[in-house]
Amino acid sequence: MRWASENLHEAYAERIRTDLDGQAMETPWFAKRPVKDIRPGDHSWLAYSGPEERDSVIGPFVREGLDTNEKVVYVTDAPAELLPGLGARHRVDVEALGRTGQLRIISRRDACLDRRGGFAPGKMLETIGREVDAAFGQGFRAARFTTDYSRLISAPGRSDLAEMLGCEDGVGNAVSPSTMAMAICQIDRRACPPDELAALRDTHEVLVEVNPEFDDGILKISRTFEPNGLRVEGELDAARHQVFAEQLAQVCLARRRVHLDFTDLGFIDLGGLNLLAQQATVLPADEALVLDHLPPDVENVIEMVGWHRLPGLERGRERAFTETEGIA
Amino acid sequence: MSVEDGAPKRRPLEHRAFVYGGMDHFLAVTEPFLRSGLEAGEAVVAVARRANLSALHDLFGDGAGIEWVDAAGFYRHPVRTLRDYQALVNDFAPRPVCALAEPVWTGWDERQTLEWIRYESLINEVFKESGARALCPYDSETLPPRIVDEARRTHPMVVTDGPPLASDAYVAPAAFGANCDRHRRFTRPDDAEYFAVDDADLHALRSFVAERALLHGLAQRPAQNLVTAVNEVAANAVQHGLPPVGMWIWRDGPELLCEIGDNGLWRPAPDALTGFIPPRSALQRGFGLWTVRLLVDLVELRAGWDGTFVRLHIR
């Protein structure tokens, strides 16, 4: 029997073996962590599906740093007020934070481009080293570093993959042994072909993901973005119906098809199935709640009562292995 | 077919026992029965024991438009069989179903036999408005006399040699079920383990039941089914019953038994049909208890002056 209470702890430091091309290559090992658990020494990877997912990870990463006397270094050409965690609704005084040195927004030209506008990996490493050293001197307890590689890799005359990989290795070497530095390397999933994306991912030890919406050690609920929906892990029972119903109603507000990822759902009670069917009744006609990656035990109960007794629920994707973890 | 109220009126269920002796007799009645279904354009299904099934199949051959089903695979768990027959009726709707339905009476212990007799009675309730026709053969040469006697109590009409006759022994399903339940014993062995359910969080209860189920030697699937069933009954007791809520668990030969009890009175009290009638959807009342009946081998309810008790059997 698969008791998800045991699985839940793994979810924080889940180690996923990946064999993308099936070659006898050096097999990378990843830890998967929600952004709230990113800590010094983590050189982490975020391949996002769109701005909503990116902001849901980078926003908390930036804000938590600013809230806890840590330095935040953001390499970007975007204006501060458009950056995740720094927009107007967060009431962050970007200028004041800039004066104290707690928030450093560095243009790409200053951080990592050479005089002709080409990517200069060595310069990026120098920038990171300089900022981390300065953070120590300025009395910050840690330094958070993030940048988005999407444009570097997709722009015309882009740097080649080998150069990017070398740079990432360098960042990894700088961050991993550090007791102060942590980094999230962002990339738009669509910015480069899957094999290149996988190669870049493999230079990271940590896959960062969005913070769960709810987690009591028995049930964990997290947003998913592509597909749009929720990932439900652990055990869903009467004691947790209300919180689940709220999260489900919330995600159903956006007028997009909702998928529920049940890969690590160890148990759902009959009331939980009832709740899904109830939510499905308030969806627009012809819409359905899609149940992806049903574990055999959960599917067994659904088939026992018959799918037709759960109107508005639809069987989604089959269970699969996690080769595409962190890139799709 | 009436069109006055906009919907076709369905005729009532025709549910007949056919008490036969020998293959010739069997074929002499069942063949015309199936043929009449084909001629009327009904969905014709033949569920019978293998020897009878192949004899009929030899008469009709392939391509007759009859669905042939081996009874051995179809009659395994009475509540699930009711569900499957209902699915069949719904799948063919609006065509009415014409079914030859020969249950399996070997390999069951006394308790299981009683549930199959009850099943025959429940057919009258579950399909009362389905428009279906069912002919249930009973082999008087090999079946114990009691089984054949009960068939006269669970079928409104009985066919032997001549035309069908109304059975004067017939008992309506609710009364029949109540009579089945009258002889139950609700004793519990002294060494039954007790697990108190103190709050709405049933995680610990589930872990406990799962552990005991595996210890008893249940396979993974029935063990998980038991966990889901216990969880449902306990959640119901926590929500609608009165404390103390708890579960006793014990072994009885090959069976593992769980009984969930609370101090509340179940009102209106459950009757002998409670939880047996398949609900149309999960949103309908009674979905939970019906599913619990599907998940385990046997469910017994007792709503007494001293509380509400739901006993689950599984092996």
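The values are calculated or read from the model by the stated rules, or taken from the named source; none is laboratory data. Predicted, not measured: the structure shown is a model, and the values here were computed from it. Don't worry about glycine lacking a Cβ; one is built from the backbone with ideal geometry, like all the others, and counts go over all protein chains shown.
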Every residue from segment A:214-249 that is more than 18 Å from A:Gly50 (Cβ to Cβ) and surrounded by fewer than 17 Cβ atoms within 10 Å (Cβ to Cβ) = A:Phe214, A:Asp216, A:Gly217, A:Gln242, A:Val243, A:Ala245, A:Glu246, A:Ala249
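Give me a count of the residues in segment B:205-218 that are within 11 Å of chain A (Cβ to nearest Cβ), surrounded by fewer than 17 Cβ atoms within 10 Å (Cβ to Cβ) and either touching a Cys at 6+ places or on another chain (Cβ under 8 Å) or farther than 12 Å from B:Ile249 by Cα (or both). Working first, answer last.
Residues of segment B:205-218 within 11 Å of chain A (Cβ to nearest Cβ): B:205-207, B:209-211, B:213-214, B:218.
If we keep only those that are surrounded by fewer than 17 Cβ atoms within 10 Å (Cβ to Cβ) as well, we get B:207, B:211, B:214.
Then drop every residue that is not either touching a Cys at 6+ places or on another chain (Cβ under 8 Å) or farther than 12 Å from B:Ile249 by Cα (or both), which leaves B:207, B:214.
Final tally of qualifying residues: 2.
Assigned to a strand (DSSP E or B), in the same structural domain as A:Pro311 (by TED's automatic domain parsing) and under 28 Å from the mean Cα position of the chain (by Cα) - does that describe any residue in segment A:273-282? Give the derivation first.
We begin by selecting, within segment A:273-282, every residue assigned to a strand (DSSP E or B); these are none.
No - not one qualifying residue is present in segment A:273-282.
Just to check your reading of the model, which residue among B:Tyr170, B:Tyr119, B:Tyr138 is without any contact (Cβ under 8 Å) to a residue 40 or more places away in the chain, of a type in the set (Ser, Thr, Tyr), out of contact with any Cys (no Cβ under 7 Å at 6 or more places or on another chain) and surrounded by 18 or more Cβ atoms within 10 Å (Cβ to Cβ)? Spell out how you get there, then give the answer.
Details: B:Tyr119 fails: without any contact (Cβ under 8 Å) to a residue 40 or more places away in the chain; B:Tyr138 fails: without any contact (Cβ under 8 Å) to a residue 40 or more places away in the chain.
Step by step, each of B:Tyr170, B:Tyr119, B:Tyr138 is checked, and only B:Tyr170 is without any contact (Cβ under 8 Å) to a residue 40 or more places away in the chain, of a type in the set (Ser, Thr, Tyr), out of contact with any Cys (no Cβ under 7 Å at 6 or more places or on another chain) and surrounded by 18 or more Cβ atoms within 10 Å (Cβ to Cβ).
Does at least one position in segment B:163-175 carry a residue that is in a strand (DSSP E or B) and of a type outside the set (Asp, Glu)? Lay out the reasoning, then the answer.
Start the filter on segment B:163-175 by keeping residues that are in a strand (DSSP E or B), which leaves B:165-166.
Filter once more, so that each one left must be of a type outside the set (Asp, Glu): B:165-166.
The answer is yes, given that some residue of segment B:163-175 is in a strand (DSSP E or B) and of a type outside the set (Asp, Glu).
Just a yes or no: is a residue in segment B:258-270 closer than 15 Å to B:Ala196 by Cβ, in a helix (DSSP H, G or I) and either within 23 Å of the chain's Cα centre (by Cα) or facing chain A (nearest Cβ under 9 Å) (or both)?
If we filter segment B:258-270 for residues that are closer than 15 Å to B:Ala196 by Cβ, which is where we start, we get B:258-263.
Those still in the list that are in a helix (DSSP H, G or I) too: none.
No: zero hits.
What number of residues within segment B:271-309 are within 14 Å of another protein chain (Cβ to nearest Cβ) and among the acidic types (Asp, Glu)? Please lay out each step first, then the result.
Taking segment B:271-309 and keeping what is within 14 Å of another protein chain (Cβ to nearest Cβ), we get B:275, B:277-297, B:299.
Next cut, among the acidic types (Asp, Glu) only: B:297.
Of the residues in that region, 1 qualify.
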Index of the failed condition, B:Gln86 passing every other in (1) of a type in the set (S, T, N, Q); (2) closer than 21 Å to B:Arg315 by Cα; (3) under 14 Å from the mean Cα position of the chain (by Cα) = (2)
Quick check: anything in segment A:223-233 touching a helix residue (DSSP H, G or I) at 6+ places or on another chain (Cβ under 7 Å) and closer than 16 Å to A:Pro295 by Cβ?
-> yes
Return the total of residues in segment A:263-275 being surrounded by 20 or more Cβ atoms within 10 Å (Cβ to Cβ) and either on the phi > 0 side of the Ramachandran plot or touching a strand residue (DSSP E or B) at 6+ places or on another chain (Cβ under 6 Å) (or both).
-> 5
Residue among A:Leu230, A:Leu253 that is in contact (Cβ under 8 Å) with a residue 12 or more places away in the chain and among the aliphatic types (A, V, I, L, M) | A:Leu230
Residue list for segment A:188-213, restricted to those being buried (at least 22 other Cβ atoms within 10 Å of the Cβ) and of a type in the set (Val, Ile, Thr) = A:Val206, A:Val208, A:Val210
